[in-house]
Amino acid sequence: MAGYQTLNVTGLLPNSTYTILVYAVRTVNGVVTHSQPTKLSITTPVLSSSGSNFKVTNGGTDMQLLGGTIYAGTFDDGMGQFDPLANSINGLPVPIGSGNYGVALNQFGIAAYNAGTPEFYIDSRTGNAYFAGTIASSAIQSTNYSGVTNGSAYSTSGTYINLNDGSITSQNFRITSGGAAYFAGSITSNATIAGVAASDLLSYAQAGQSVSTVALRMVGTTLSNATGQVSTVGANGTTFFSGNYADRGARVLINSLGIVGYNSSSTSNSDTPTFAIVSSDQTINGQTIKGGSGYFTGVIQASTFLSSNYFSSGSGFALASSAGVDSINFSYNGSITGYIASYSSGKITIQNSSQNTKIDIGSSPTSSVVVTNGTVSYGGTVGHVRNVWANTSSGTVPTANSTVTTLAGMLTDPKEGDIYLVWA
């Protein structure tokens, strides 16, 4: 009886040639007999049955997927035309079942998942791409880019990011490989630069511009007003000067060496200054002035002058003027040991405080020259200098070695060796 039958065979490789034996089977009275076999050659198709691994060599023909999804890995059955952006959030692929691993390809694009979490996606409809990991590349360039590729200038069009040296080149901003930033546009006022609001920096700059417009401006290496009074000097840092000129005429200079003043007859900075306060040793008018010292050709005026060690350890002195008394005070180890004082009354006193010894000098008729040894009084031992105001209308001027008892204003208790200064 003519006809055909199908026979499922397992274990064959795809795209391979096999020989099969075909024979007839007859049963007579329960006895089964076979005819002699006939050999037939067959070639298995290029597609494999489910579950087999095989290699397919496409000889230039096309393969079209009419619906469905091709995937490598473990995905849920029945994916069909799976769209990774269905129910997307902000245009990004959303997670799917945690049992899905691998890469899926269909008409919407290519998507990769790890335990249902999207790792990358390329959308065939828009060309947009999403990557959860790192993109390794030497550069990122816009399709219309034209210009340099190292941030040394603005681009003609588009943007280029050089990932090797860190530079960014665009039409309106650029960042060099050294980190310097340039902007052709504006920076919003609420932006911050080094922690300072851009609006504040702008106000500072505008204030500086206002000052520069009316008073100060840079001229070469000099920050100058109309007469040029602040200049930069490399050797000594910045030199500030007040005067019509920095190197002649009446002027004051300030720099790292100290403060120096010149009078109007000065013709150069090598002239002898009228005063100087030096920060390090300097030679002025042939003299070495120690650092921290002052040099003055005129008068120094103040109410008090103190030596550096006054009222401290060792000896020191002070020049002081207060309440009608001008004095030179001497100290040793924290206390005053003596002084020379001039009073508004005309009296001058020289006193050793520690020895309680002094000389008072005054003017007649009430003044006296008194040398006091010990207790400050008219008593004491011999050897005093005493003042006597003698009124000649009521007494006589004492002569040498005479007894002094009756003259008006005469000191009592005369001692051997006393010296009397008598005004008649």
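The values are calculated or read from the model by the stated rules, or taken from the named source; none is laboratory data. Given the structure is predicted, the values throughout are model-derived calculations rather than measurements. Glycine also receives a Cβ, built like all others from the backbone with ideal geometry; neighbour counts cover every protein chain displayed.
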- Where ASN106 falls short, out of the listed (1) within 35 Å of the chain's Cα centre (by Cα); (2) in contact (Cβ under 8 Å) with a residue 40 or more places away in the chain: (1)
- Item | All positions within segment 57-99 that are of a type outside the set (Gly, Ala, Ser) and more than 60 Å from the chain's Cα centre (by Cα) | THR57, ASN58, THR61, ASP62, MET63, GLN64, LEU65, LEU66, ASP77
- Query: Among the residues of segment 193-201, is any out of contact with any strand residue (DSSP E or B) (no Cβ under 9 Å at 6 or more places or on another chain) and at pLDDT 90 or above?
  - Reply: no
- Query: Where in segment 270-366 are there strands (runs of 3 or more DSSP E), lying wholly inside it, with at least 3 residues that are over 52 Å from the mean Cα position of the chain (by Cα) and surrounded by 15 or more Cβ atoms within 10 Å (Cβ to Cβ)?
  - Reply: 335-343, 348-352, 357-361
